[in-house]
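All of the numbers you see were taken from the coordinates with simple rules; none came from a lab. None of the values given here were measured: they were computed from a predicted structure. Every residue, glycine as well, gets a Cβ built from its backbone with ideal geometry; the counts of neighbours run over all protein chains shown.
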Amino acid sequence: MDEPRNERLMVLIRWLHAGQRTEETVPVAMARHRRNELEAQGAVVYWSERLGNAF
């Protein structure tokens, strides 16, 4: 059975931590938690964007 549409959506998060720019793609359901986690570690999240699904 197909998973719900929002389960397939992803969020691109970009952040700066200790002089390093990094990015990660996570499921929508996990994005807020991951952003909070990164900020708690001292990272500056400078970009987050919901990505569409190609199929």
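Ranked from highest to lowest mean number of other Cβ atoms within 10 Å per residue, what is the order of the peptides 40-51, 11-22?
Details: 40-51: 11.7, 11-22: 13.4.
Most protected by this proxy first, the peptides run 11-22, 40-51.
Can you list the residues of the range 10-31 with backbone N under 15 Å from a point 7 Å past the Cα of LEU51, pointing along Cα to Cβ?
Flagged as within label range: 10-15, 22-31.
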